[in-house]
Structures are given as C-alpha cells and as structure tokens.
Amino acid sequence: MTVNVATPVRGRVTRLRHLLGAGDVEDLHLGRLLDRADLLRSTQRSDRPRPLEGMQVALLFEKPSLRTRVSFEVAVTSLGGHAIALGPDEVGLGRRESAADVGRNLSRLVDAIVLRTFAHDTLLEMAAAASVPVVNALTDAEHPCQALADLLTLRRHFGRLAGLRLAYIGDGNNVANSLMLAGALAGLDIRIATPTGYAPDTSFVNQARALAARRRGRITIGTDPVEAVTGADAVYTDVWTSMGREAEADERRARFEGFEVNATLLGHAAPHVAALHCMPAHRGEEISAAILDGPRSLALEQAENRRYVQEAVLIELLAPHVR
Ligand code: CP
Ligand code: NVA
C-alpha cells in the first residue's frame, strides 16, 4: 500500500504528513529535525515552546513499551498537548474494528495518532484512512523514531554524522531497517553483520543503498561480526528475538552464538568506539553487561533523546511554522 507521506507546499518544499518509515524523512531535511531536537534538549523548562496547546494525541500501543510510550507522553504534554494512551485490549485493532475505521474515527477526535503494532500494513491501512498525521511507534518492519534518536545521539557524541562508521551486529530486524535508512540519509558508513538467514530484507537494503548513494553513505551486509566491527566508530545491537517472535527464542539463541557485542569484539573497533542499544537488552545474549553498563555505552542517551526527536517530529507534523 502506498501512503502519501509528504504534501507539496510552495514549489519544492514539502511538509511531512505522516512518519511511517525512516525513509519518509528524506524530504523533511534530517538536519533541521535533529537541530530542533538538539535545541529542545538544551532549552530551559520555562523557555520551552507549547505549540501543541489544545491538541490531543492518541497513543495506541498493541505491544509492550517503556521508552516509546513514556517519551511520547512526555513529549506531547511538554509541548502543551494532551496524550490519550490506549492499550490493545481497549481498542481491539483488527478484531473489534479495522485499522481503517480506527483511523477514520480517531481523526474526528484527535490531532495525531501514534501507533505501535505488529504488521506494517496495519499502520499503512490506518494512515491511508486517517485525515490526521500517523506516527510509527514500531512495527515488525520499522522503528523510525528510534533511528532518529540514534542519529541525534551519534551526532551529539561525535559532533558529526557523515562518514561515521557504524557496525550493526545481530538480527536484521525493525531497528536495523530504520537505522539503515536513516543512517543512509545521514551519509553513514553502515556495516551490518547477521547470522545467515537473518539479514535485513532486500527491499530495505536496496532503499537504503539508493539513499546512501546520494549522500556518499555506504551499506555493507555480511555475516562476520569481526569484519563489520573492524575500525568502527560505533557498534549497535538489539535483541535477537523481537516482540511477537518469542516462539523462536531458543532457536535464535543458538543461531546467534558468536554475535554478542562484548569487549573482545569491540577490541577490533576504533579505540574511541561507542556502544549503542535501543533497549530493552538481554545482558549476556546480544550484549555483555560490561559493555552495556560501561563507559562506552550510549544506551541511556538514546533513551533520553527519544523524547526530543519525537517533540521535533510532533512539531514538524502538527505545528510546522513554529520556530
Ligand atoms: N527502544 C524502545 O522502543 O523501547 P520500548 O519498547 O520500551 O518502547
Ligand atoms: N526489535 C525489538 C525492538 C524493541 C524496542 C522488538 O521489536 O521487539
């Protein structure tokens, strides 16, 4: 399904209508979004803008969440809006009502919808029917808000993005897909290593390579963690078993042996290497406790930055003329 994510405004400038995947940010000027997030992070509480005053945002979550759920609620309320959180049993998405009907009805009541769901098509169906912006808070295919927070974290840490070498070790999942797309937009040199059969889908790899070609970025996909990590400025990992795939956990633990991000693996990276993880994390599986909880870890910075990039996204979607 194709959903129009950008509305042309005066010639070539486009305005974002929805944030469904990290690739949607292309026309939004990634730098502007990250600049705004940076500014919001450094703005005193009393000086913060309240452009969402009087607005309502529905947060509809079909899967568990700590960071996304809380950072969105904090973002909406900090900007002066009101957040309405809805769990899976309250709405019965696709069971009690179709995603399209939920999108149509919510559009009459709220100013934006933030959705965490399973199938990406559910998100697309809702966005196609909704007349208000829809934001992807994670689907089985993408986690764009996480990827934007990760770029903000890397930019704040290294002072730049273009040309940074970022290794992603583990499962070629939703987090990897969005990181690849957003990282390609930012001109990163991304090296992904997964066990055979767990690489990101070719459609995402091709989309990321097309974006990278225009930004002098690079996307390399392989199966050797040491090769991917060699010389890396930053190393990223995520859980081996994502939400909804719990039945595969034992098989995955066996297949992913040798893919733990630990001190030995990071010994191949640049001496200044930073370690990233979107969390929740499993210490002793995809990452060692020493690395996740150690001085190289940016995991809690990533979590904090979720709030600020999401504030920037909400302003872009709901109050784009605010400075
Ligand atoms: N990183 C992240 O999205 O965390 P939650 O699943 O807790 O929201
Ligand atoms: N890949 C993980 C990310 C959690 C934030 C999952 O989908 O469960």
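Under a 5 Å amide H cut-off, with hydrogens placed 1.01 Å from N, residue 114 pairs with 58, 59, 60, 135 among residues at least 5 apart or on other chains. The equivalent ellipsoid of the range 252-323 has semi-axes of 33, 15, 10 Å, largest first, where each one is the square root of 5 times an eigenvalue of the Cα gyration tensor. Average 1/r across all pairs of distinct alpha carbons in the range 169-276, invert it, and you get the Kirkwood radius: 14.1 Å. Seen against the Cα atoms of the chain and their longest principal axis, helix 174-185 is set at about 90 degrees.
The C-alpha atoms of the chain define a longest principal axis, and helix 299-318 lies at about 30 degrees to it. For the range 16-63, the Cα gyration tensor yields ellipsoid semi-axes of 22, 19, 11 Å (square root of five times each eigenvalue, largest first, whole Å).
Taking amide H positions as modeled 1.01 Å from N, with prolines and chain starts lacking one, the residues under 5 Å from residue 83 and 5 or more places away or on another chain are 57.
What whole-number volume per residue, in cubic angstrom, does the convex hull of the C-alpha atoms of the range 28-128 give? Spell out each step's value before the answer.
On the way: hull volume 12.0 nm³, N = 101.
Given the Cα convex hull of the range 28-128, per-residue volume reads 118 Å³.
Starting from the Cα gyration tensor of the range 107-198, take the square roots of the eigenvalues, sort them a ≥ b ≥ c, and report rounded, prolate or oblate (rounded when a/c is under 1.5, otherwise prolate if a/b is larger than b/c, else oblate). Oblate is the answer for the range 107-198, as a/c is 1.5 or above yet b/c matches or exceeds a/b. All C-alpha pair distances within the chain, sorted into 10 Å bins from zero, spread as 6, 28, 36, 23, 7, 0 percent across the bins. For residue 221, the residues 5 or more places off, or on other chains, whose built amide H falls under 5 Å of its own are 192.
Any read-out appearing in this document is the output of simple, stated calculations on the displayed coordinates, not a laboratory observation. Here the structure is a predicted model, which is why all the values come from computation and not from measurement.
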